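Comments concern the structure below.
What follows draws every value from the coordinates through simple rules; no lab data is involved. Since we're looking at a predicted model, the values are computed, not measured. Please note: Cβ atoms are built from the backbone with ideal geometry, for glycine as well, and neighbour counts cover all protein chains shown.
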Amino acid sequence: MIQYGGGWGSSYGASDAGGVYTSADIQFETTSDGVEFGGEANRSIRIRNLTTGSALTFEPDSDETYSVTEWEIDPETEAVPPSSIGVNVRGSDDRVSLLGTWAGDTDLFRAQTFGMYVVDLLEDGTRIGGTAGKPVGTRYHWGAKQTPDAMYITRQPSVHPDWHAALIVGQSPYEPQAQLMAEQRVEDDVFRVDLTDLDLEPGQYGWSLLVASERPVIRHRTIELSPLNTSLIVQ
């Protein structure tokens, strides 16, 4: 009835201690034309962190019942339950923001940088559908440094050593100007990207680092690290 998918997004902001905090959105969609949600549907969304065994449930406060095709839950930079979630409604191009209340472990997204999350659809408190487990990154604290030959980006310890990371150069990961795989240096807590193979004109370029549980990295990314104001400099 529901599965991960429907889009991608993330929140990021500066840390008082320096660097950037990034949290990935949790986005999922129906496997049918739509699911009634809100109003008198008596349905709620439960998120379970399989890594810690904790759970959090969202009850919508809407008086109106919507035929929902996609949900978006944004833990925001602080990795806390948002006051509302976004839904896409069948037959409409506009995203609706649904206010609601949360019950359960409100520190669900703060327990570790990467958790394995399952989303359940409940009706009258009973599970009627759910997603498979998926690793999602929240409150990832990081920074970046460039030398003439390489880019170094913070690697959090909860990144699995078998995961993959790629530096995407350009404004969109779907139409990159260049893409380079990153090396995990576990002992140094960094990703290292060799820049010597870049074939680009001199200048400043936008970039992001995609961390993924498997390849291809764009499809399976667990988090996208985009700098606030640091460009890639090609000389």
**Request:** Please give the peptides 90-96, 182-188 ranked by average Cβ packing (other Cβ atoms within 10 Å per residue), highest first, as a rough proxy for protection.
**Result:** 182-188, 90-96
**Neighbour-limited loop hits for GluC sites (Glu not before Pro), the stretch 36-94 (at most 15 other Cβ within 10 Å; DSSP other than H, G, I, E, B)** = Glu64, Glu78
**GNM top mover of Pro216, Pro173, Pro60 - the chain, alpha-carbon springs below 10 Å** = Pro216
